[in-house]
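Let me begin by presenting the structure, written as structure tokens, before commenting on it.
Nothing in this text is a laboratory measurement; each read-out follows from the coordinates by a stated rule. Remember, predicted model here, so these are calculated numbers, not experimental data. When we count neighbours, we look across all protein chains shown, and the Cβ atoms used for this are built from the backbone with ideal geometry, even at glycine.
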Amino acid sequence: MVPERAWPLLLALRSLPGDGALIGEPRLHSVVVLAPHPDDESLGCGGTVALLRGRGASVRVAFATDGESTRGAALSADETRRRRRSEALAACGQLGVAAADVGFWGLPDGGLAASTHEIVPLIESAVAETRADGLFLPWFLDGHADHEALNAALASATLPPGLEVWGYETWSPLIANRIVDVSTVWARKEAAVAAHVTARLAFDVEATLGLNRWRSIHGLMGRGYAEAFLAAPIREYLATAVLARDLPSAAPRPAAPGPGAPRPSAPGPAAPGSAAPSGST
Ligand SMILES: [Zn+2]
């Protein structure tokens with residue numbers, strides 16, 4: 001049964017589709033992809049990145065952490081960090097993103113919720129430097145503290161009002177209002193995911209690719225592969241995120257720090273007991 005207080009959020013999510021086709025490629029010219037950990041970019045929107053690059057759009061990928069807390073890795077944090085950065089570059093290369101367009105912020109894996117003050121200017125700089133018209137990040141209820149922390153930082157950032165935010169899914173399926181058919185670049189997405197060798201010490205990341213098969217039932221009649229997004233102009237996206245934060249099932253979340261006048265707040269760390277791990281991926 002849906003709690004009564006959840007209805008405003010559900011209605012807001014349903015209203016987001018607005019105009020525009022459910023199925024289609026983003027009409028964006030310059031995109032920033034925020035990945036909390038190496039592999040999120042490939043799992044969440046790798047096919048869409050490959051499509052964007054294929055038609056000449058600029059894509060910059062920023063990795064907030066190096067995934068140095070990878071579970072199951074009998075490696076030092078430094079060695080894990082070194083390997084995962086290398087694998088991230090290889091994955092981006094498969095998607096058509098050159099090393100010069102990949103950034104590593106080096107923030108603590110599992111600790112992004114305490115780093116929002118550092119993340120805010122990094123997001124602002126990445127968008128300003130690339131004159132981005134689109135920003136991709138894990139959606140605000142993805143169910144992982146690091147993933148949701150990027151949304152908290154986004155809420156405190158000063159960004160162009162025309163910026164489109166495309167929330168992608170990794171740990172928790174979202175209510176989609178945009179579906180991108182990635183069938184033609186599927187082999188490249190698979191190769192990008194496969195490049196994240198060290199991430200697979202924690203779990204078989206390829207298991208998440210099943211989500212792309214399932215997403216193809218939306219408009220593709222179950223043939224091929226698709227990535228799903230919750231996309232909206234930044235103001236609308238953040239307004240919905242605030243509703244989500246107020247759900248009674250959410251854990252108490254600290255307000256994201258930010259300069260100047262009060263700004264809307266957004267989700268912080270995931271609730272205790274989340275299915276997602278506290279570290280990467
Ligand atoms: Zn992640």
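Here are some notes:
- Under the Karplus curve 6.51 cos²θ - 1.76 cosθ + 1.60, θ = phi - 60°, whole-Hz ³J(HN,Hα) for region 7-12, x wherever Gly or Pro sits: 4, x, 5, 4, 5, 5
- Percent of Cα pairs exceeding the 33 Å cut-off, where the set is region 4-245: 11 percent
- Karplus-based coupling profile of region 153-169, in residue order and whole Hz: 5, 4, 5, 9, 7, 9, 9, x, x, x, 5, 8, 9, 10, x, 10, 10, with θ = phi - 60° in 6.51 cos²θ - 1.76 cosθ + 1.60 and x standing for Gly or Pro.
- Order by protection proxy (mean Cβ within 10 Å, highest first), peptides 195-203, 101-109: 195-203, 101-109
- Long-range amide H partners of Ile23 with built H, under 5 Å: Ile179
- Annotation: extensible slack from Arg5 through Ala128 equals 40.6 nm (criterion: 0.36 nm per residue apart, minus Cα-Cα distance).
- Note on Met221 and Ala98: the model spin-label points, each 7 Å out from Cα along the C-beta direction, lie 4.1 nm apart.
- Kirkwood radius for region 1-123, taken over all pairs of different Cα atoms as the inverse mean of 1/r, rounds to 16.5 Å.
- Gly103 long-range amide H proximity, modeled H, under 5 Å: Val61, Ala62, Phe63
- Centre separation in Å (Cα based) which lies between region 181-234 and region 118-168: 21 Å
- Per-pair calculated FRET efficiency, R0 = 25 Å: Glu25 and Ala239 via Cβ, rounded to 0.05: 0.45
- Residues whose amide H lies under 5 Å from that of Thr70, counting only those 5 or more places away or on a different chain, are Ser280; hydrogens are built 1.01 Å from N in the peptide plane.
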